[in-house]
Amino acid sequence: MEVAIAGGHGKIARLLGRQLAAEDHDVRGLIRNPDHERDLHADGIEPVLCDLENADPREVIAAVSGAEAVIFAAGAGPGSGAERKQSMDLGGAVKLIAAAQADGIRRYLMVSSIGAAHPPPPGEGEVFGEYLRAKAGADRALAESGLEYTIVRPGPLTDGPPTGRVQLGAELGRREIPRADVAAILHACLFQPHTVDWTFDAIGGEHPIDEALAAL
Ligand SMILES: NC(=O)c1ccc[n+]([C@@H]2O[C@H](COP(=O)([O-])OP(=O)(O)OC[C@H]3O[C@@H](n4cnc5c(N)ncnc54)[C@H](OP(=O)(O)O)[C@@H]3O)[C@@H](O)[C@H]2O)c1
C-alpha cells in the first residue's frame with residue numbers, strides 16, 4: 001500500500017511508518033524540518049517537505065499525490081499555544097482532508113484525542129480546551145468529508161513498550177496508552193475495511209487489538 005503520514009517525524013508516525021516500511025509498503029512522511037530527512041531515510045520512509053500550517057493547497061496535494069491512504073499523526077505539541085491548536089491541530093488536519101479529496105485518495109486515518117467527543121465550550125478550559133475543540137473540529141470535518149475515515153482517540157500517550165492489549169470504545173475514561181499500541185491500532189485499521197467510518201476511544205486495557213476491533 002502507498003501511505004502518506006502527516007507529522008512523519010512524530011513518535012507515533014515513526015513507529016507506524018517503520019512497521020509499514022518493514023512490510024514493504026511505500027511510506028511517505030510529511031515533515032517541515034529538513035533536518036528530519038535523514039531519520040526518515042534510515043526508517044525506510046520517503047521524507048516529503050510539507051509544512052501543513054504554511055503550505056498552500058497545491059503543495060499539500062503534491063505531497064500526498066498518488067497515495068492510497070493518508071494518516072494525520074501531526075500535532076502542534078504540548079508547548080504550543082491556542083493559536084497553533086487552530087492552525088495545526090484543526091487547520092492542518094483540514095488541509096490534509098482537502099488534499100485527499102482533490103487527489104481522489106479515499107482513506108484517511110486520524111489520530112485524535114480522548115475528550116474530543118465532548119470538548120469544553122468556547123472560552124473554557126484554557127489551552128487544553130482549545131486543543132480539544134480543535135481536535136473535535138477536525139474529527140467533525142473528516143466525518144462530514146465523504147472520505148473513508150477512521151478516527152482513533154487515544155488517552156494520554158506514553159513511550160512504554162507495546163503491550164498489544166487495549167480497550168476500545170466510546171466514552172472511555174482517561175487511561176494511558178503507549179504510542180506503540182496506538183501505532184498498532186492504526187496499522188490494524190489500515191488493513192481492516194470494516195473500521196471505515198468508525199470513531200472510537202483507545203486506552204490501555206486487556207484485549208488483544210484485533211479482538212478489541214472485532215468487538216467494536
Ligand atoms: N500527548 C498525548 O498524551 C496525546 C493524547 C492523545 C492524542 N494525542 C495526539 O497524538 C498526536 C501524535 O502524538 P505523537 O506523540 O506521536 O506526536 P509528536 O511526536 O509530537 O509528533 C507530532 C509531529 O507533528 C509535526 N508538526 C508540527 N507542526 C507541523 C506542521 N506545521 N507541519 C507538519 N508537521 C508538523 C511535528 O514536527 P516538528 O518536529 O517539526 O515540530 C512532529 O513531528 C499528537 O499530535 C496529539 O494531537 C496526544
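Restricting the stretch 159-182 to residues that are more than 15 Å from the ligand (Cβ to nearest atom) and open to solvent by 20 Å² or more (accessible area, probe 1.4 Å), which is farthest from ASP201 (Cα to Cα)?
PRO161
Quick one: is GLY104 surrounded by fewer than 23 Cβ atoms within 10 Å (Cβ to Cβ), at pLDDT 95 or above and within 15 Å of the ligand (Cβ to nearest atom)?
No.
Quick one: in the stretch 118-135, of everything that is open to solvent by 10 Å² or more (accessible area, probe 1.4 Å) and of a type in the set (A, V, I, L, M, F, W, C), which residue is farthest from the ligand (Cβ to nearest atom)?
Within the stretch 118-135, the first condition is being open to solvent by 10 Å² or more (accessible area, probe 1.4 Å), and the residues that meet it are 118-128, 130-133.
Those left that are additionally of a type in the set (A, V, I, L, M, F, W, C): 127-128, 132.
Values: VAL127: 13, PHE128: 11, LEU132: 10 Å.
Going through the qualifying residues, I end up with VAL127.
Identify the single condition in (1) of a type in the set (Gly, Ala, Ser); (2) buried (at least 16 other Cβ atoms within 10 Å of the Cβ); (3) not in a loop (DSSP other than H, G, I, E, B) that GLY75 does not satisfy, given that it satisfies every other one.
(3)
I'm checking my understanding of the structure. Among residues of the stretch 57-72 that are part of a loop (DSSP other than H, G, I, E, B) and open to solvent by 50 Å² or more (accessible area, probe 1.4 Å), which one is farthest from the ligand (Cβ to nearest atom)? Outline the logic, then answer.
Narrowing the stretch 57-72 to residues part of a loop (DSSP other than H, G, I, E, B): 65-68.
Narrowing further to those that are open to solvent by 50 Å² or more (accessible area, probe 1.4 Å): 65, 68.
Details: SER65: 17, GLU68: 21 Å.
Only one residue tops the list, namely GLU68.
Within the stretch 86-97, is even one residue open to solvent by 10 Å² or more (accessible area, probe 1.4 Å) and either at pLDDT below 95 or not in a helix (DSSP H, G or I) (or both)?
Within the stretch 86-97, not a single residue is open to solvent by 10 Å² or more (accessible area, probe 1.4 Å) and either at pLDDT below 95 or not in a helix (DSSP H, G or I) (or both).
Can you run down the residue pairs with Cβ atoms below 7 Å, 6 or more apart or on separate chains, where the first is in the stretch 76-92 and more than 17 Å from ILE31 (Cα to Cα) and the partner is within 10 Å of the ligand (Cβ to nearest atom) and among the polar types (S, T, N, Q)?
Matching pairs, first to second residue: none at all.
Could you grab me the full set of residues in the stretch 108-117 that are among the aliphatic types (A, V, I, L, M) and either more than 10 Å from the ligand (Cβ to nearest atom) or in contact with an Asp or Glu (Cβ under 6 Å, 6 or more places away or on another chain) (or both)?
So in the stretch 108-117, the residues among the aliphatic types (A, V, I, L, M) come out as 109-111, 114, 116-117.
Hits for the stretch 108-117 are LEU109, ILE114, ALA116, ALA117.
Looking only at residues that are over 23 Å from GLY160 (Cβ atoms) and out of contact with any strand residue (DSSP E or B) (no Cβ under 7 Å at 6 or more places or on another chain) in the stretch 183-196, which one is least open to solvent (accessible area, probe 1.4 Å)?
GLN192
Scan the stretch 39-47 and tell me whether some residue there is surrounded by fewer than 15 Cβ atoms within 10 Å (Cβ to Cβ) and either without any contact (Cβ under 8 Å) to a residue 60 or more places away in the chain or within 9 Å of the ligand (Cβ to nearest atom) (or both). Walk me through it before giving the result.
Kept after step one, since they are surrounded by fewer than 15 Cβ atoms within 10 Å (Cβ to Cβ), are these residues of the stretch 39-47: 41-42.
Adding the requirement that they be either without any contact (Cβ under 8 Å) to a residue 60 or more places away in the chain or within 9 Å of the ligand (Cβ to nearest atom) (or both) leaves 41-42.
Yes - at least one qualifying residue is present in the stretch 39-47.
Looking at (1) out of contact with any strand residue (DSSP E or B) (no Cβ under 7 Å at 6 or more places or on another chain); (2) near the ligand (Cβ under 8 Å from one of its atoms); (3) under 20 Å from GLU144 (Cα atoms), can you tell me which one GLN86 breaks?
Condition not satisfied by GLN86: (2).
Which members of the stretch 10-32 meet the condition of being within 15 Å of the ligand (Cβ to nearest atom), open to solvent by less than 50 Å² (accessible area, probe 1.4 Å) and more than 12 Å from ALA183 (Cβ to Cβ)?
VAL27, ARG28, GLY29, LEU30, ILE31
The values are calculated or read from the model by the stated rules, or taken from the named source; none is laboratory data. Given the structure is predicted, the values throughout are model-derived calculations rather than measurements. Neighbour counts run over all protein chains shown; Cβ positions are idealised from the backbone, glycine included. Note: areas computed on protein heavy atoms with side chains; ligands, DNA, RNA excluded. Shrake-Rupley method; radii C 1.70, N 1.55, O 1.52, S 1.80 Å.
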